[in-house]
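Below: one structure, written as structure tokens.
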Amino acid sequence: MPVDLAAILAPRSRSQRIKPLLSGAGVTAAATLVLHFRDPHISGSYGGCPWLFLTGTYCPGCGGLRAVNNLTNGDLAAAFSSNPLFIVLIPVALILWFVALRRAWVGAPRTRRQEKVHTGLTWIFGLVFLVFWVARNLPAFAWMTP
């Protein structure tokens, strides 16, 4: 079956551009609502972390479900205690989402500079996750464990 190159290269409408971002926001909102009503603090309510089960160490995501539940209940201190990196990155994720939504809304094409920034941010976030992953499993940083 031949590929319709004209359809791929044709400009997309505003609704087509923002649909993935709004869909992602909807899924995130639904998951947050589920986490509010089904408490992950109850042992086994969502299963366990496979990484923790296999290695006995905490992954960067351990405590994330409890952190969301704590946030929906208005307890920022408990949320931070569950997963500090997750709580710190929520505002960053929201800012990046709004920037992407604005760009999709106006139909701005990605520039080479933005590609470099995107690549740089990916490396920075990867490094931050790796450092957090190692640190939260060291005795000196036991306060970061869920």
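The values are calculated or read from the model by the stated rules, or taken from the named source; none is laboratory data. These figures come from a predicted structure and were not determined experimentally. The area values use the complete protein model at the heavy-atom level, side chains included, leaving out ligands, DNA and RNA. Shrake-Rupley method; radii C 1.70, N 1.55, O 1.52, S 1.80 Å.
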Length-normalised contact order of the chain, Cα under 8 Å, at least 6 apart, in percent, tallies to 27
For H36, the accessible surface traced by a 1.4 Å probe with all protein chains present amounts, in square angstrom to the nearest 10, to 60
Note: F98 to L121 extended length (0.36 nm per residue) minus current alpha-carbon separation gives 6.7 nm
In the chain the accessible area split gives carbon plus sulfur, as whole percent at 1.4 Å, a share of 72
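Per residue, how many Å² of accessible area does the chain show with a 1.4 Å probe? Before the final figure, lay out each step's value.
On the way: 10420 Å² over 146 residues.
Here the residues of the chain average 71 Å² of exposed surface.
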For V88 the rounded accessible area (nearest 10 Å², probe 1.4 Å, non-protein molecules ignored) is 80
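Check every DSSP H run in the chain and write down those whose alpha carbon atoms cover 20 angstrom or more along the long axis and whose mean Kyte-Doolittle hydropathy is 1.6 or greater.
Membrane-span-like by this criterion, though nothing is claimed about a membrane: 84-106.
When every alpha-carbon pair in region 72-126 is counted, what percent end up more than 20 Å apart?
So the portion of pairs separated by more than 20 Å is 41 percent.
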Unit-weight point scatterers at every alpha-carbon of region 33-101, Debye formula, q = 0.13, 0.24 1/Å: log10 I(q)/I(0) is -0.42, -1.08
